[in-house]
1. Among the candidates 59, 28, 32, single out the residue that is surrounded by fewer than 21 Cβ atoms within 10 Å (Cβ to Cβ), away from ligand 2 (no atom under 16 Å from the Cβ), part of a loop (DSSP other than H, G, I, E, B) and not polar (S, T, N, Q).
2. Any residue in region 90-102 that is basic (Lys, Arg) and either under 16 Å from residue 183 (Cβ atoms) or over 16 Å from the mean Cα position of the chain (by Cα) (or both)?
3. Do you know which of the residues in region 1-50 that are of a type in the set (Val, Ile, Thr) and closer than 21 Å to residue 178 by Cα is modelled with the lowest pLDDT?
4. Out of all the residues in region 138-152, is one or more within 25 Å of residue 53 (Cα to Cα), more than 16 Å from ligand 1 (Cβ to nearest atom), touching a Gly at 6+ places or on another chain (Cβ under 8 Å) and in contact (Cβ under 8 Å) with a residue 12 or more places away in the chain?
Amino acid sequence: MVNSQCIEIPDGHKGYSLSNFCVPKHYEEDLENIMIPSGLIQDRIERLARDIFQDVKDEPLTALCVLKGGYRFCTDLLDKITTLNRSHGSVSVPVNVDFIRLKSYENDESTGEIHVVGGDNLSSLQGQNVLVVEDIIDTGRTMQKLLGILWKYNPKTIRVASLLVKRRTESTGYRPNFCGFEIPDKFVVGYALDYNEYFRDLNHICVINENGKHKYAVTKQ
Ligand code: HPA
Ligand code: MG
């Protein structure tokens, strides 16, 4: 099983100005910059799909999409894997999809626990080659807890594909097998990554600004 290298976005990266790309009007005031434009996201996923395809070749794969943040990455990644299935006559990877839903964030703070608030019956993972599809690995604690839960169902293998890995001093050091981009320690939204459920309907991965954090904050009673 491989551990592929991320594209590293350096700490000093200024991102792209909102004026250079199309952004929904309702979010214009709430974003600092565009960190990863949607075209680059798609190009990177195309390569991740190829790396995964070549790694698992000829064995069935159960993609486990971590909702909600992972849904766009999961659909785009599986689309690209199925395209490879159509064009590589001798090699093919039958793909199955399953879902799990976790929650660990309120505002931009981790609450420390993970809550499984939805998902299918995980006993179907027994004997399967599981590919966990996640949007972002932050400290790594959520993924390590999730892997602890998943191994109890006796899958054959578990691979993890995360579109983003955040560089954090609090990181546990956990690294996924497949990773799109390693990003600076900033709160990012878009491409299904949310801030209190907002910004999923944004195609680029962007840095939220103070105005956005304030406007969409959850007020605790
Ligand atoms: N954005 C959205 N969700 C997240 C992030 C982030 O930067 N980090 C962990 N979960
Ligand atoms: Mg997530």
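1. Values: 28 fails: part of a loop (DSSP other than H, G, I, E, B); 32 fails: part of a loop (DSSP other than H, G, I, E, B).
On inspection, the qualifying residue turns out to be 59.
2. No.
3. Once the filter is applied, the top-ranked residue is 2.
4. Checked against the condition, which is being within 25 Å of residue 53 (Cα to Cα), more than 16 Å from ligand 1 (Cβ to nearest atom), touching a Gly at 6+ places or on another chain (Cβ under 8 Å) and in contact (Cβ under 8 Å) with a residue 12 or more places away in the chain, region 138-152 yields no hits at all.
Table: residues versus (1) within 17 Å of residue 5 (Cβ to Cβ); (2) surrounded by fewer than 18 Cβ atoms within 10 Å (Cβ to Cβ).
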position	(1), (2)
143	no, no
155	no, no
158	no, no
162	yes, no
176	yes, no
180	yes, no
193	no, no
210	no, yes
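The values are calculated or read from the model by the stated rules, or taken from the named source; none is laboratory data. None of the values given here were measured: they were computed from a predicted structure. All Cβ positions, even for glycine, are placed from backbone atoms using ideal geometry, and neighbour counts span all protein chains on display.
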